[in-house]
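Every number here is computed from the coordinates shown, using simple stated rules; none is lab data. Predicted model only: the values in this text are computed from it and were never measured. Cβ: placed from backbone, ideal geometry, glycine included. Neighbour counts: every protein chain shown.
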């Protein structure tokens, strides 16, 4: 009886270890797929977005985001983010996730999320950016800048 319990427990633990290894390998594979395409895109997009000009922001946003946000709201967001000042340095990109999902209003897409620390003139920030895969490039679906400097 005791041997059966130990055997069952051993199988359960081995299954969990196998599951974690598979998840780790899959995540590594997915992140390396986008490393050669998404990161060069972000190397250009983030500094341009960080110029804090509405037209620069519009250039990178997906058409669905542009359709959902008013000019006034976009100007307010850009004006708020401009409190960060000039971009000084971007840190190491960290792959977060890749998902495929349906969009409200029709269509679907593949979305890749990266997190990157950044130093701005007026403080440090963490940027979380979700890119929508478009044919042979990307567009910005979400741009989240988290910084204590924005609270001042």
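Odds and ends about this structure:
- Helical runs assigned H by DSSP (4 residues or longer) give the chain a calculated mean residue ellipticity at 222 nm of -15000 deg cm²/dmol, each run adding -39500 (n - 2.57) before division by the residue total.
- Between residue 92 and residue 148, the contour length at 0.36 nm per residue exceeds the alpha carbon distance by 18.2 nm.
- Computed E for residue 77/residue 122 - FRET, C-beta separation, R0 25 angstrom, nearest 0.05: 0.90
- Three semi-axes of the equivalent ellipsoid, the chain, Cα gyration tensor, whole Å, largest first: 38, 19, 15
- Translational diffusion of the stretch 69-152, µm² s⁻¹ [Kirkwood Rh, Cα pairs; Stokes-Einstein; 37 °C; 0.692 mPa s]: 230 µm²/s
- Among 94, 133, 121: highest mean-square fluctuation, GNM of the chain, C-alpha pairs under 10 Å: 121
- Among 135-145, 6-16, sorting by the average number of other beta carbon atoms lying within 10 angstrom of each residue, highest first, gives 135-145, 6-16.
- Helix axis angle, 71-81 relative to the chain longest principal axis, alpha carbon, degrees: 80 degrees
- Extension gain for residue 48 to residue 110 (0.36 nm times residue separation, less C-alpha to C-alpha distance): 20.0 nm.
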